[in-house]
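Structure first, commentary second.
The values are calculated or read from the model by the stated rules, or taken from the named source; none is laboratory data. Small disclaimer: the values here were computed from a predicted structure and weren't measured. Positions of Cβ are generated from backbone atoms using ideal geometry, with glycine treated the same way; all protein chains shown enter the neighbour counts. Accessible surface areas use protein heavy atoms only, side chains included; no ligands, DNA or RNA. Shrake-Rupley method; radii C 1.70, N 1.55, O 1.52, S 1.80 Å.
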Amino acid sequence: MSKNIVVAIDGYSSCGKSTLAKALAKKLHFVYVDSGAMYRAVTLYFLRNLVDITSEKAVAEALENIHLDFHAKDYETHITLNGEEVSNLIRDMKISEMVSPVSALKKVRTEMVKQQQRMGKTANIVMDGRDIGTTVFPDASLKIFMTADPKVRAERRYKEMIAKGDSITLEEVFENLAHRDFLDTTRTESPLKRAEDAIILDNTELTPEEQLSFALKQVQPFLKK
């Protein structure tokens with residue numbers, strides 16, 4: 001039996017990882033897994049239940065009460081937290097401000113990585129995140145590391161949030177992304193970094209169609225095996 005194909009897409013916040021991952025999964029008829037949604041859902045639970053993230057005991061107890069499920073619809077990942085649909089709630093700015101510290105916790109990462117690895121054993125998948133190619137699937141078929149100019153990333157995220165009706169300034173979004181970049185790249189547990197065998201994709205000046213075309217060319221050799 002042939003090994004499942006795993007495409008790992010890592011990169012900075014608001015680089016368009018999920019946009020590319022969704023489009024690629026749809027084109028290839030693979031399963032799309034949004035690893036970031038898992039950490040955001042955990043963060044939502046922690047905030048709602050006032051979990052002290054400095055207490056290993058509190059974190060461990062909280063994780064025992066968190067049950068996450070994915071439901072795919074039109075290649076969009078819908079996630080439920082203990083049975084509640086939270087796909088939109090986890091995109092709130094309060095979650096964005098706390099997700100990096102929460103996802104840096106060893107116990108949180110260990111539990112989420114276990115769940116992610118199980119998914120890779122059941123189907124051909126495209127998964128995006130911060131440590132997919134380095135920690136979750138170090139033997140992934142294809143690894144892509146995405147980056148883009150920080151100002152462009154902030155503008156993209158700002159437009160998304162304004163379209164949703166959020167009241168926020170471009171400066172606040174830029175500061176949030178810069179802070180998350182710092183936390184993601186300097187944390188002890190599975191920091192954001194490019195895997196040695198990852199292909200760099202700088203999409204500062206690329207359209208979604210152009211980056212999809214690039215990714216499809218990279219994955220073609222693995223489809224023929």
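Here are a few things to note about the model shown:
- Residue check, R40 of a type in the set (D, E, K, R) and surrounded by fewer than 12 Cβ atoms within 10 Å (Cβ to Cβ): no
- When segment 182-205 is filtered for residues that are among the acidic types (D, E) and crowded, with 17+ Cβ neighbours inside 10 Å, only D184 remains.
- Scope segment 193-225; condition in contact with a strand residue (DSSP E or B) (Cβ under 7 Å, 6 or more places away or on another chain) and farther than 15 Å from V126 by Cβ; matching residues: R194, A195, D197, I200, D202, N203
- The residues in segment 2-17 that are open to solvent by 30 Å² or more (accessible area, probe 1.4 Å) and farther than 17 Å from M119 by Cα can be counted, and the count is 2.
- For A104, the conditions (1) at pLDDT below 90; (2) more than 13 Å from V33 (Cα to Cα); (3) touching a Leu at 6+ places or on another chain (Cβ under 8 Å); (4) surrounded by fewer than 19 Cβ atoms within 10 Å (Cβ to Cβ) are fulfilled apart from (4).
- Cβ-Cβ under 7 Å pairs, at least 6 apart or on other chains, segment 17-44 side on the phi < 0 side of the Ramachandran plot and in contact (Cβ under 8 Å) with a residue 12 or more places away in the chain, far side among the charged types (D, E, K, R) and in a helix (DSSP H, G or I): Y32/K22
- The lone exception for D166 - which of (1) assigned to a helix (DSSP H, G or I); (2) surrounded by fewer than 16 Cβ atoms within 10 Å (Cβ to Cβ); (3) out of contact with any strand residue (DSSP E or B) (no Cβ under 9 Å at 6 or more places or on another chain) it fails: (1)
- Segments classed as helices (runs of 4 or more DSSP H), wholly inside segment 1-119, with at least 1 members that are under 14 Å from the mean Cα position of the chain (by Cα): 17-28, 35-48, 93-103
- For segment 169-193, a residue qualifies if it is part of a loop (DSSP other than H, G, I, E, B) and under 23 Å from R91 (Cβ atoms), and the qualifying residues are T169, R187, S190, L192.
- Residue list for segment 120-153, restricted to those being closer than 16 Å to D202 by Cα, in a helix (DSSP H, G or I) and open to solvent by 40 Å² or more (accessible area, probe 1.4 Å): P150, K151
- Pairing each residue of segment 194-216 that is assigned to a helix (DSSP H, G or I) with any residue that is basic (K, R), provided the two are 6+ apart or on different chains, yields C-beta distances under 9 Å for L212/K27; A215/K27; L216/K27.
- L68 vs. criteria of a type in the set (A, V, I, L, M), surrounded by fewer than 22 Cβ atoms within 10 Å (Cβ to Cβ) and either modelled with pLDDT under 95 or closer than 19 Å to R130 by Cα (or both): yes
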